[in-house]
C-alpha cells in the first residue's frame, strides 16, 4: 500500500511540472502583454503615456525577456522562496493575494462535495432499491434538472428569489464589516452564514451527478450473485443492501473524486463570479482580462494542482476501499 | 412413508414471475420430498425451474417472482447449537411458503437451518470483504457469538472444508483464491451454522473436473459428519449418480419423475427421463461410427407461452393423442417411484 | 491430394452459402437497428425530448422568418415592456381573431418606473405570414415575410411602430422572443460544431490509442490526463481571454468552438479507446483476423459498426455540455460578445440585480438553455439505453 502511494506521488511530480509549463504558455498566449493593454486602457482614458516609461517598466517586470527565462524565474521563485511573482494590476505580490482566496475556494468545493454526497448516496440507494416507484421518478427528474442547470444560472435564480421574495442580497461570502477584518470567530460565523447559499447551489449540481452514478451502479450490483448469497445468510434487507452492493457501488465514487472536484472548481469559478464571492473566480477573471500573467497563471496552476492532488487522493482512497485494485 | 424422518415437503408449489412481457410460470405445481440425512438430486435442463424451486424454499426468489400456490413444510428439529446434532424430536412444522419473505422467522432459518451454495464461486462472494468477514457474519448472526469467537469458528470451518492454512486464508479476499478454494469457502460459510438442509445449486458446474471431484467428495464427507440433508441441483446426470439417494426430474416447472437413484438409472419411466439418459455419451460408443449421440428433438418452449396438456408432448417420442389435451397426473408406479405421464395411468 | 478438385467441388455450395450469408447479414444489420428503435420508443421522455429538439432546431434554422422583428430593432414605445397579452375576446365581449391592444406609457411619479397600460381603444390584429422588417434569408434573397406580427402602420417611424412582444422587451425595447430565437442559431450550432470537431479528433486519437495499445496508448493517455487535470472552466477562460477583441464575430465563433473541443475530444477519445480495448478481445474480431481481414477492414467493417450506437449516445450527451460551456463563457464576457447573439450573450446583458427584479422576462434565454440541455440529456439517456438493445 505504502509503495503504491509513493509510486503515485512519484508520477505526480512530472505531471505538475508539465502542467506548470502548459499554464504558463496559455497565460502568454494573448497578443501583447500587461503593459500594452495597460497603456491601451490609459490611452482610452485620454492620458498621455511616455513610451520610455513603459519600456522601463517592461524591463523591471522582465516582460522583454524570452518566455523560457520568465518561466524559469517564476518557477525558481515559487520553489525557493514561495514567491509567486508580482501582480501587475494590483501592485502586490501574488502570494499575498491568492492564498486566502484559494483556501476559501477549496473550502467551498470540498464542503459542497461532501454535502452533495451526503444527500446523493441515500437518495441514490433509495432510488435504485425502489426502481420505478413514484419517488424514484421524482428523484430522477430532479437529478436531471440538477445536471441540466449550470451553477451560474442557479445562482441567478437564487438571487432572483432572494431579491424578490426575501429582500436579501445574497452576493458575497462576508458581511461588509468583515471583508477586510482579520480572521476571528465572528468572521467564521459570518462566513458560514453566507457560505450555505453557494454550497447548496454547488451541492445541488454535485448531488445530481452523484445520484445518477449511485443509482446506475447499484442497479448493476443488485443483480450480482453475491447479493443473493447475502440474502441466503439470513441478514436483514437493510443490512444486505448497505453492507454488500452499496459498498461495491460506491467504489466509483472514490475513483471520481478527482474530476468531480475539477467539475466543482469549474462550477465554483463561474458561480463566484455571479455571486461575487471572495474566492478565486472574480479575481481570476480580472487577472485574465487585464493580462496580469503571474496572478492568472498562479491561479490556473494552483487550481490544476488541486485537481491533481484530488485525483491522487481518490486513487489512494480507491485502493484502500477496493482490495482488487491494491493487487496491481 | 415414515413421517419421522421427513425434513422438507413441497406440495404443488407454484412460483410465477410477473414481468412486463408476461407471466413466466417458472415453477408450476412441483412436489418434492427431502428426508433427513439424505440427498435429493434435482435434474433438468436450464430453465426448468429447479433453481427457482430452491430459491422458493429459501424465499429469496428474485424481483417480480412470487409464490402463488402450494406449501413448503419444513420439519424443524431440536438441535444442539454447538455440535449441530439433532434429536428426532420434532419442534415445529413450518410452512415456509406462508412466511413473510422479509420477516424475522424466515431470516432465522436462512443460513442457520437451511443454507445454500451457489453456482458461481467467483461472483457469489463479495469482492470487497475478506473470507473471514463473510463467514464470521453468518456465525455471529445466528449463534450470537462475539467477533473473536466468530473468527475462531470461521477458521475451524475453513479447516473442516480442507482449506490449506485457514488462519491465513481467513484474511484473504475472494480474488486471491482459486475457483475450488472459493467454493470451499462458500461451503464453509453455508455449513458454519450446521444447517439441517444444504441446497447446492449446481455447485460444481463452474469448476474443472478434478476440482469438481474434490468438492463432491468433500460434500459427501461433511454430510456424514454433520448429519444434514442435501438438495443437489444439477444438469449433470453423472454427478447425480454419484451424489443422490433420490432423484427428481423437472421439466418446465413440474416434477415429471421422482425415484430412487437406482430406479431412475435402471428403470426410467418418463419419456423425458429416458431421452435424457440416452443423450449421455457412453464410453465405447465411438466404435460404432454411424451411431449418433441421441438428442432430444426441439428445444424448451417459450416460457411465456407454454404448450397445453403435458408440457413435454411437442418433443415426446411416445406421444399419444390425449397428450396435448389433458395434463397428466402424478402416477405412483412403484414404492417410491412416481411419474407424471399418461403412459402409466 | 491436390487442391484443384477440392476447390472445384466446393465451388457450387459456396454460392449458396454466400446467398445464405447475405440474407443472414441483412437480418443481422436490420435487427439491431429495429431493436434499438423499439427500445428507444419505450423511453417516453427521450421521444418527447427529440421532438422538442427538432422544434428548437427548426426555430434556429428559420430564425429570421419565425421572429417578427430583427434582433437589434429597438423601440421607443416598448422599453422594458412586459410580454404582450394576446387576446381573442375584446372589451365588448366580442370574439375575434387574435389581437393585442395598443399600449399607453406612463411613469410612476415616485420611482419613475415605466408603467404600461393597455389602451383598449386601439386594436392591432395579429397577422400570419405578414410583412415586417426586411432581412436576407440565409444571405440568399431579400424578403420581408415573417411568420407573424402586427401590421406595419404607414408614415410612422420604425421606433414608434406598434409591436407584439410575446416574451416582452428589454430596456431598449428589443423583442426578447426575437433575440432568443436568433440566439438559438449560435448556441445550438456551436454545440454541434464543437462536438463534431471533438468527435473527429477523439475517434482518430482514441482509435490509435485503443487499437495499438502499448507505448503509444500510454503516451496518449498521459496527454489526456494532463489536459483533464486543468479544471475546464478556468482553462477555457484563459484560452478565450487570449482571443483578440477586434476579431470579427464569425472568427470568434469558430475559435470558441475550437476551444471547447480542445477538452471535448479527450472525452470522445476515452470512449472510443475503451470500446476498442474491450472489443479487441471479442471473438468476432479474432475470427475476422484469423480469416485474414486487414486491420483497416477489421476496424471499419467489424468494430466501428458495433460501437457506433455508443458513440452516437455519447455525442448526444456531449452536446448539452458544449452548449452550457458556450453560455457560461459568453455570460462572463469571455466568449462571444455583442453584436453576436447567443443565449450566453443575452444573459450577460440581462445580468444585473435591477433586471432580475424589474424585468424578469429578459431571462427567457435561460429557460431556453435549461430546457434544451435537459432535452439533450434525456435524449442521450434514451439513446444510451437503446445503444445496447440486447442488455436488459
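The values are calculated or read from the model by the stated rules, or taken from the named source; none is laboratory data. None of these values were measured; they are calculated from a predicted model. Glycine also receives a Cβ, built like all others from the backbone with ideal geometry; neighbour counts cover every protein chain displayed.
Tabulated values for the structure
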{"quantity": "Some residue of region B:207-221 being more than 22 Å from residue B:32 (Cβ to Cβ), touching a residue at least 40 places away in the same chain (Cβ under 8 Å), within 14 Å of another protein chain (Cβ to nearest Cβ) and assigned to a loop (DSSP other than H, G, I, E, B)", "calculated": "no"}
{"quantity": "Residues satisfying the stated conditions in region B:99-112, i.e. part of a loop (DSSP other than H, G, I, E, B) and either within 7 Å of chain A (Cβ to nearest Cβ) or surrounded by 24 or more Cβ atoms within 10 Å (Cβ to Cβ) (or both)", "calculated": "B:102, B:111, B:112"}
{"quantity": "Residues within region B:197-206 that are out of contact with any strand residue (DSSP E or B) (no Cβ under 6 Å at 6 or more places or on another chain) and in contact (Cβ under 8 Å) with a residue 60 or more places away in the chain, tallied", "calculated": "2"}
{"quantity": "Residue in region C:175-198 that is within 14 Å of chain A (Cβ to nearest Cβ), within 21 Å of residue C:135 (Cβ to Cβ) and in contact with a helix residue (DSSP H, G or I) (Cβ under 9 Å, 6 or more places away or on another chain) present", "calculated": "yes"}
{"quantity": "Matching residues in region A:138-161 - criterion: being surrounded by fewer than 21 Cβ atoms within 10 Å (Cβ to Cβ), within 10 Å of another protein chain (Cβ to nearest Cβ) and free of Cβ contacts under 8 Å to residues at least 40 places away in the same chain", "calculated": "A:141, A:157, A:160, A:161"}
{"quantity": "Residues that are within 25 Å of residue A:321 (Cα to Cα), within 13 Å of another protein chain (Cβ to nearest Cβ) and not in a helix (DSSP H, G or I), drawn from region B:113-168", "calculated": "B:120, B:121, B:122, B:123, B:124, B:125, B:126, B:127, B:128, B:129, B:130"}
{"quantity": "Residue in region A:111-128 that is surrounded by fewer than 15 Cβ atoms within 10 Å (Cβ to Cβ), in a helix (DSSP H, G or I) and within 15 Å of the chain's Cα centre (by Cα) present", "calculated": "yes"}
{"quantity": "Filter result for the condition that a residue is away from every other protein chain (no Cβ under 14 Å) and modelled with pLDDT under 80, over A:200, A:127, A:175", "calculated": "A:175"}
{"quantity": "Single match in C:241, C:169 (criterion: crowded, with 16+ Cβ neighbours inside 10 Å, outside the structural domain of residue C:347 (by TED's automatic domain parsing) and touching a helix residue (DSSP H, G or I) at 6+ places or on another chain (Cβ under 8 Å))", "calculated": "C:169"}
{"quantity": "Failed condition for residue A:220, given (1) surrounded by fewer than 22 Cβ atoms within 10 Å (Cβ to Cβ); (2) more than 14 Å from chain C (Cβ to nearest Cβ); (3) more than 28 Å from residue A:103 (Cβ to Cβ)", "calculated": "(2)"}
{"quantity": "So residue C:211, is it farther than 26 Å from residue A:301 by Cα and not assigned by TED's automatic domain parsing to the domain that holds residue C:120", "calculated": "yes"}
{"quantity": "Single residue of C:270, C:275, C:297, C:289 found to be more than 30 Å from residue A:273 (Cα to Cα), in a helix (DSSP H, G or I), out of contact with any strand residue (DSSP E or B) (no Cβ under 9 Å at 6 or more places or on another chain) and within 14 Å of another protein chain (Cβ to nearest Cβ)", "calculated": "C:270"}
{"quantity": "Filter result for residue A:100 (over 27 Å from residue C:223 (Cα atoms), out of contact with any strand residue (DSSP E or B) (no Cβ under 7 Å at 6 or more places or on another chain), assigned by TED's automatic domain parsing to the domain that holds residue A:205 and modelled with pLDDT under 85)", "calculated": "yes"}
{"quantity": "Subset of region A:13-31 (residues that are more than 10 Å from chain C (Cβ to nearest Cβ) and in contact (Cβ under 8 Å) with a residue 60 or more places away in the chain)", "calculated": "A:20, A:24"}
{"quantity": "Of all residues in region B:215-238 being under 13 Å from the mean Cα position of the chain (by Cα) and at pLDDT 90 or above, the one that is nearest to residue B:279 (Cα to Cα)", "calculated": "B:234"}
{"quantity": "Test: residue in region A:230-241 that is surrounded by fewer than 19 Cβ atoms within 10 Å (Cβ to Cβ), within 14 Å of chain C (Cβ to nearest Cβ) and over 30 Å from residue A:180 (Cβ atoms)", "calculated": "no"}
{"quantity": "Residues within region C:323-343 that are more than 18 Å from residue C:57 (Cβ to Cβ) and either facing chain A (nearest Cβ under 10 Å) or surrounded by fewer than 24 Cβ atoms within 10 Å (Cβ to Cβ) (or both), tallied", "calculated": "11"}
{"quantity": "Residues that are more than 9 Å from chain C (Cβ to nearest Cβ) and buried (at least 24 other Cβ atoms within 10 Å of the Cβ), drawn from region A:269-282", "calculated": "A:271, A:272, A:275, A:277, A:279"}
{"quantity": "Test for residue A:262: is it crowded, with 24+ Cβ neighbours inside 10 Å, at pLDDT below 85 and within 30 Å of residue A:174 (Cβ to Cβ)", "calculated": "yes"}
{"quantity": "Residue in region B:49-65 that is away from chain A (no Cβ under 14 Å), at pLDDT below 90 and on the phi > 0 side of the Ramachandran plot present", "calculated": "yes"}
{"quantity": "Selection within region B:315-342 - touching a helix residue (DSSP H, G or I) at 6+ places or on another chain (Cβ under 7 Å), part of a strand (DSSP E or B) and without any contact (Cβ under 8 Å) to a residue 60 or more places away in the chain", "calculated": "B:331"}
{"quantity": "Those helices (runs of 4 or more DSSP H) lying entirely in region A:194-303 with at least 2 residues within 30 Å of residue A:95 (Cα to Cα) and more than 16 Å from the chain's Cα centre (by Cα)", "calculated": "A:280-289"}
{"quantity": "Some residue of region A:311-322 being within 26 Å of residue A:213 (Cα to Cα) and within 11 Å of chain C (Cβ to nearest Cβ)", "calculated": "yes"}
{"quantity": "Pair list, Cβ under 6 Å, 6 or more apart: region A:67-87 residue without any contact (Cβ under 8 Å) to a residue 24 or more places away in the chain, other residue in a helix (DSSP H, G or I) and surrounded by 16 or more Cβ atoms within 10 Å (Cβ to Cβ)", "calculated": "A:83/A:77"}
{"quantity": "Residue list for region A:73-98, filter: surrounded by fewer than 13 Cβ atoms within 10 Å (Cβ to Cβ) and part of a helix (DSSP H, G or I)", "calculated": "A:76, A:79, A:80, A:81, A:96"}
